[in-house]
Structures are given as C-alpha cells and as structure tokens.
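In what follows, a single structure is set out as structure tokens and then discussed.
The values are calculated or read from the model by the stated rules, or taken from the named source; none is laboratory data. Here the structure is a predicted model, which is why all the values come from computation and not from measurement. Note: ideal-geometry Cβ built from the backbone for every residue, glycine included; neighbour counts use all protein chains shown. The accessibility values were calculated without ligands, DNA or RNA, using every heavy atom of the protein model including side chains. Shrake-Rupley method; radii C 1.70, N 1.55, O 1.52, S 1.80 Å.
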Amino acid sequence: MSIQEVPTQPIAGQKPGTSGLRKKTRVFMEPGYLENFVQAVFDGIGGIKGQTLVVGGDGRYFNDKAIGTILRMAAANGAARAIVGQGGILSTPAASNLIRTKPADGGLILSASHNPGGPDEDFGLKYNGSNGGPASEGVTAKIHDRTLEMDRYLIVDSAAPDLSALGAFELEGMVVEIIDPVADYAAMMEKLFDFDAIRALFKRGFRMKFDAMHAVTGPYAQEILETRLGAPAGTVMNGTPSPDFGGGHPDPNPIWAKSLMDVMYGSDAPDFGAASDGDGDRNMIVGRRCYVSPSDSLAVLADLAHLAPGYSKGLAGVARSMPTSGAVDRVAEAKGIESFETPTGWKFFGNLLDAGRVTLCGEESAGTGSDHVREKDGLWAVLLWLNILAHKDLSVADLMADHWARYGRNYYSRHDYEAVDSQAANGLMDAVRGQLKDLAGKSVGTLTVAQADEFAYDDPIDQSHSAGQGIRIFFEGGGRVVFRLSGTGTEGATLRVYLEQLETDPARLQIDPQTALAEIIAAADALAGITERTGRDAPDVIT
Ligand code: G1P
Ligand code: ZN
C-alpha cells in the first residue's frame, strides 16, 4: 500500500454553514482545498478506520473528480468500504436512505443543492452521520475546529475505480461498491405509498408533469413515475442530469421552475405539476393554475398523510423551521399532536425524528420530509401528494380550498435580497435587533407589534442551545415578519424576509398572497429600512 502523507496548512473560510461547506467550484478545485476539508471531516468525526461510508452527489461539474479524490483519501484513512452511486450519482435523500439501511457509519454528499453548477458556479460537500442526517452542530464545530489546525492529509497513490460500472472494486485495501443509485430508494417508496392507487389514478387519465430541472431526480422520477407507476412517457421533463443543470438554476420555485409554471398555468395544463432541485431534496407542488406554498404543502401533508400506508397509524408529531408558516401548527393542534419550531436547517429535525417525537417535518424553502430518512425528500413529497390525490379525487385547487376552509389560510411569502453587501446586511440586522426590546405595543404603519424577539432554540432531546436564529416580529391579528441572513450563500449576504398573515374570514381565502400581505410587507420595510440599507428597491426573488 502506498499512502502519501501530504503536508498542508489551514485554509481560511472552511466553516460549514446551514448544509455543509458551499463555495465556488473553482475554490473547491484549488490544490489541496477539497483535500483539506475532507481530511478535517475524517479527523473531526474521530477517524474512519474500518468504517463504511456512502459517497455520492448531484452530478454537478467536478462531482466525479471530487469523488475520486474522496475515495483515495478514504482508503488512505483506513475505511473498509465505500458505497458509491453509479456515475457518482446519489440524490441526497437516497444517500440518507443508504446510510441508514446498508447500514453505513456515515456519508459524504457532494452538492450545492439548488445553486447553479459549472466551473464558475457552486459546489458543496457535507458529512452525514450514521442516522443518515446532516452532522449535528457539535460535530460541525469539531470539523471546523480541525480545519483551523490542518497540517497534513492522507491519500493513496492508486487511481480510484471508474464510477461507470456496477460492481465491487478494490482500492488499496478498501472495497468500493458501485451500486444502482435508484433501486433502494424506489423500493422504499413502494413500501411507503399506495402504488396501486396511484397507478389507477394515472389509468383514469390523470396527467402530471415532473420537472427534474436537469438535475439528479431525473433517473429517479423516470423509474418511479413512468416505469413503476405507469405515468405516460414524457411526464418527466428535463430528466437527464447535466453538470451545469442545462445552464439553469435548479431551484424548484415559481421563478426558477418557470417553464413548469407556464405549463401549469397554460391552456392545456395537466392536473398536477412538481419539481425538485439539484440534489433531489426540495420539492415544488403546483396544481392546475394553483401554486401550493411549501408551508401549505406541509400542512396538507400533515393533515392527510394517514391516507398513505406508511403513515396509516397517524403522526407522532410535526416540526417546522421557525420561518415556515404556522399552517402546520393549526393541523397539529386540531389533531392533538405535538408541534415543534426549530431553527432553519434540516439538521435540527434529526434529534426529534430519531427520538420518535415527530413523523413529518418541513421548511418554507421547499423542503418536506418524514422519518423515513434524515433529509428532506423531494420525490417523497410528490408521491405523498399523488397518494392523497388518488384517494381524494379532488383537484389541487379544490383540496386547498377545503384545507383553508377548515383551518384558515396562512398567507405567506419570502422576499430575498441576494448578494447584498455583507456590512449593509449585518447593519440592517443590528438595527432591527436594537429596536427589539421596545417594540411590543408600538405601531408600525397600520399594524401594532404584539411581541418581538430573536429566535433561540433549546433542543428538547440533547439540550443544546442555538442562538441568533432569526429575528421575529409578531403583529396583533396574526401577522408576522422574520428577518434572517442566509447560511448557504456563496457571495456577499442574502437577506431573507419572511412574511405571514393568518386569515380565517371565509370571504378572504382566495386573495393574491402579495396583496394579502401588503401591510406586513410595508411594516417590514418600515422596521428595517430595507430599500435604504440594501440599495435595492425590490427583492431579487419572491417565493
Ligand atoms: C436555505 C433554506 C433552508 C434550508 C437550506 C438547505 O438555507 O432557507 O431552509 O435548510 O437552504 O437547503 P439558508 O440559505 O436560508 O441558510
Ligand atoms: Zn437541495
């Protein structure tokens, strides 16, 4: 065996954020950059001797090369086995499932999620632990600490096996098992959902479009929707993963999945539309001329999940990230189950899922999932929707109208200001923070503040404390605005402004959300001086 011990030194800025380390691809490609971080992960988790690791990514530019390096480093660090998706492909939820079921000790997932890919775009890497979920805050801190004292990394001389052929290969004492990336995932979905009912739905002429956005879910959606469920060929659009996602931005929202939105709001719109992101963990749901906000989707799924075999016993509880609307809380209250409010980022759901306290969870950023894996799962959400529609035989619009009639409607929108000067963004947050303690009872425009704070979370399972998780301002009458800086951006700062207004008046349940939220939007600007401080007169992205 020939292991090289390559001397190195710490590289600044290797601090994992909301979901691992995200940087420009060219940064990851700099000599030693990827290697330093991978070694910091291996060291930070206490070494990988004798371990089994799952390795795969969303197929973006540099995915295959990076996997080659990771495999050579895993072998040099004494791992026993690496399970790799053919072609280096694994959707994030499929990787999570493999870690849990093989089982493996952990995994490395290569993705910058919904960010564009290519030599001039984004790349990312994250470590998931043996529960299949993103590393906890504590483990992330250990990895970061290790990056600050890096002095060497280990790598074997031999080349990594070609990733295109299935089978088991040997790499200097480590077994590299190259597997079909779809098979295990599809089998799990067959267990959770009523495939017969969904098949019958398609037989009745139900039409759908799934936009894989040239990203990782293409092969998964083709196998599950078209091959196993009998949806007509062509149901999956943009189904071949490409290293730069067809030059697009694989983020399933009305802005970036515009071609799907055009189909769904066009004259010959099918019954149902859905999209997923770069690595397959996000989802967008849209009915015929009816966009479903992710917060509403979570509420509907929580309300009706029992129609799917995997959830027929009901839900233990639900959890949502703090900026997500309170729609799901209303469902939980009606059902008499627990609901939790966690900081942004899927890792905060892990303990609750592991402890069996929650079955379903979700985020306003198009993430929904359950205890079947420890990541959000785009296709899972689409299949649960299909399972529900197969049993209800209602259009998406009628289903939403029924939901709002029973629970009220949490009008919701997120306004993003991207690549804002970091100092200006921090200044804005400081300015709002500075007002917090005197805000209660004050009027802002037409509204009166009921309560204001900066969200902090005490994990009910491991008692860890996470502070500074976004500023919340509640208004009398059920309105709320949240200010938060993104933890996944790669350029400047991204300011996210989350806007919500609860409406229970039956005559006001079908208003355009931006109109319904007009007073909250005005109050947000009055509180934070967004236009003045960011120099922007409108958000870059409204979802
Ligand atoms: C964003 C989303 C967050 C999600 C994360 C990873 O993080 O807002 O809900 O968990 O991506 O997909 P942010 O950029 O806001 O830190
Ligand atoms: Zn993603």
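Over the C-alpha trace of the chain, radius of gyration and Dmax come out as 22.9, 74 angstrom. For a modelled paramagnetic label at Asp540, 7 Å from Cα along Cα-to-Cβ, the residues of the range 403-433 in reach, with backbone nitrogen under 18 Å, are 414-429. Solvent-accessible area per residue in the chain equals 36 Å², computed with a 1.4 angstrom probe and all protein chains kept.
For the chain, the residue among Ser413, Leu389, Ala493 whose Cα projects farthest onto the positive side of the dipole built from Cβ charges is Leu389.
Length available on full extension from Ala159 to Leu394: 0.36 nm per residue minus the Cα-Cα distance, which gives 79.1 nm. Once neighbouring chains are kept in place and the probe is 1.4 Å, which whole percent of the accessible area of the chain is contributed by carbon and sulfur? In the chain, the share of accessible area belonging to carbon and sulfur is 48 percent. The magnitude of the dipole of the chain, with charges of +1 and -1 set on the Cβ of Lys/Arg and Asp/Glu and taken from the Cα centre, is near 600 debye. Taking 0.36 nm per residue of sequence separation and removing the Cα-Cα distance, the Thr101/Glu170 pair yields an extension gain of 22.6 nm.
Using a cut-off of 13 Å between beta-carbons, work out the net charge of the residues near Gly326 (Lys and Arg +1, Asp and Glu -1, Gly326 not included). Its environment carries a net charge of -2. For the range 200-215, list residues with backbone N below 17 Å from a point placed 7 Å from the Cα of Asp268 toward its Cβ? Answer for this model: 205-210. Principal semi-axes of the equivalent ellipsoid, √(5λ) from the alpha carbon gyration tensor of the range 79-158, are 20, 19, 16 Å from largest down. Principal-axis analysis of the Cα atoms of the chain puts helix 137-147 at an angle of about 40° to the longest axis. Once R0 is set to 25 Å, what does the formula 1/(1 + (r/R0)^6) return for the Cβ-Cβ distance between Ala518 and Ala334, expressed as a FRET efficiency to the nearest 0.05? Computed FRET efficiency for Ala518 and Ala334 comes out at 0.30.
A simple spin-label model places the labels of Ala183 and Thr69 3.1 nm from each other, with each point 7 Å out along Cα-to-Cβ. Would any residue of the range 502-519 have its amide N under 12 Å from a label point 7 Å out along Cα→Cβ of Thr446? List them or say none. Taking a point 7 Å out along Cα→Cβ of Thr446, the residues of the range 502-519 whose backbone N falls under 12 Å are 515-519.
The slack in the chain from Ala355 to Thr227, taken as 0.36 nm per residue of separation less the alpha-carbon distance, amounts to 42.5 nm. Under the combined filter of DSSP loop state and at most 15 neighbouring Cβ atoms within 10 Å, the range 7-66 retains these trypsin sites (Lys or Arg not before Pro): Lys49.
The angle between the Cα long axis of helix 422-439 and the longest principal axis of the Cα atoms of the chain comes to about 40 degrees, rounded to the nearest 10. Ordering Phe169, Leu260, Ile224 by Cα displacement along the dipole of the chain toward the positive end leaves Ile224 in first place; charges were set at the Cβ atoms of Lys, Arg (+1) and Asp, Glu (-1). With a Förster radius of 45 Å applied to the C-beta separation of Asp430 and Glu5, the computed FRET efficiency comes to 0.50.
So what's the angle, to the nearest 10 degrees on a 0 to 90 scale, between helix 378-392 and the longest Cα principal axis of the chain? The answer is roughly 50 degrees.
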